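Here's the structure we're looking at; comments come further down.
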Amino acid sequence: DYQFPSMLRGNVAYDRDLPFGIVGNVELLLTETVKDVNYSNLNLVQTGTRLDGRPVFAKISSAYSDVIKLRNTDEGWSRQITGQLERRFRGGWFARGAYTYGRSKTVSDTTNSTARSTWANVYTPGNINDPPLATSNYDLHHRVVLSGSYNFDFRKAAVTLSMYYNGQTGR
């Protein structure tokens, strides 16, 4: 019954002309996981628990290395809110600045090229075949973007010089 990953995404935005020729924008972006990949290794069984509470696993059959099963999960989401200000100046100048706050949660980011390597690289505090919802590798957290440009005529061609800065935290 495995299905390829899918998500539901929607946004709401509001633009407003502000004093001094500034245009302001606020946008909310919401994403919900509909179907995402969740991996399990059918060749592992829990054989005990360590003193610190971590489970111990052993292979069911030595005839197989790993038997990875792909299944679906509906766990996962992402939320982002962005505020942006921009202004055009006389003489061909333009400036923009934006701030985004975002959070993302997932069971598996599916960042590797094979099912086995993706399964093996999912961080989990307990049962390796049942990972909990956790912070995504693509969690943005905080992001600041600044850009500016200058348009001028260079002989018979229009030329634009631009500057761009992106600073972000998160993963």
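The values are calculated or read from the model by the stated rules, or taken from the named source; none is laboratory data. Note that the structure is a prediction, hence the values are computed from the model and not measured. Quick reminder, even Gly has a Cβ in these numbers, built from the backbone with ideal geometry, and neighbours come from all protein chains shown. Keep in mind that these areas ignore ligands, DNA and RNA; they rest on the heavy atoms of the full protein, side chains included. Shrake-Rupley method; radii C 1.70, N 1.55, O 1.52, S 1.80 Å.
Please report, as a whole percent, how much of the solvent-accessible surface of the range 54-116 comes from carbon and sulfur atoms (probe radius 1.4 Å). Show your work: numbers first, answer last.
Working: 2080 of 4060 Å².
Within the range 54-116, the accessible surface is 51 percent carbon and sulfur.
Which whole-Hz couplings ³J(HN,Hα) result when phi for each residue of the range 159-171 is put into the Karplus expression 6.51 cos²θ - 1.76 cosθ + 1.60, θ = phi - 60°, listed in order with x for Gly and Pro?
Per-residue couplings from phi come out as 10, 10, 9, 10, 10, 9, 10, 10, x, 8, 10, x, 9 Hz.
According to the square roots a ≥ b ≥ c of the eigenvalues of the Cα gyration tensor, what is the shape class of the range 110-152, taking rounded for a/c under 1.5, prolate for a/b larger than b/c otherwise, and oblate for the remainder? List each step's numbers first, then the result.
Numbers: a/c = 7.81, a/b = 2.60, b/c = 3.00.
Here the range 110-152 falls in the oblate category.
List every residue whose amide H lies under 5 Å from the amide H of residue 76, counting only residues 5 or more places away in sequence or on a different chain, with H placed 1.01 Å from N in the peptide plane.
Hits under the 5 Å cutoff: 33.
Put +1 on the Cβ of every Lys and Arg and -1 on every Asp and Glu Cβ in the range 116-171; which of 126, 140, 152 then has its Cα farthest towards the positive end of the dipole?
Going by the charge dipole, the pick is 152.
Just to check I understand the Karplus step: with θ = phi - 60° and J = 6.51 cos²θ - 1.76 cosθ + 1.60, what whole-Hz values come out for the range 146-154, glycine and proline as x?
10, 8, x, 8, 9, 9, 8, 8, 10
Using the Karplus curve 6.51 cos²θ - 1.76 cosθ + 1.60 with θ = phi - 60°, what ³J(HN,Hα) values do you get for each residue of the range 33-40, in whole Hz, with x for Gly and Pro?
Once θ is set to phi - 60°, the couplings for the range 33-40 become 6, 9, 9, 9, 7, 9, 9, 9 Hz.
Summing +1 for each Lys or Arg and -1 for each Asp or Glu, what net charge is found among the other residues whose Cβ lies under 15 Å from the Cβ of residue 93?
Details: positive: 87, 88, 90, 96; negative: 86, 153.
Neighbourhood net charge equals +2.
Using a 1.4 angstrom probe, figure out how much accessible area the chain has per residue, in square angstrom, rounded to the nearest whole.
On the way: 11840 Å² over 171 residues.
Per residue, the chain has 69 Å² of solvent-accessible surface.
Need the list of lysines near residue 69 for cross-linking: C-alpha distance under 16 angstrom, and skip anything on the same chain fewer than eight residues off.
Answer for residue 69, where 16 Å is the Cα cut-off: 35, 59, listed by chain and number.
Work out, step by step, the length gained on full extension between residue 27 and residue 7: first 0.36 nm times the residue separation, then minus their alpha carbon distance; give nm to one decimal. Walk me through the numbers on the way to the answer.
On the way: separation 20, 0.36 × 20 = 7.20 nm, distance 1.90 nm.
So the chain would gain 5.3 nm between residue 27 and residue 7.
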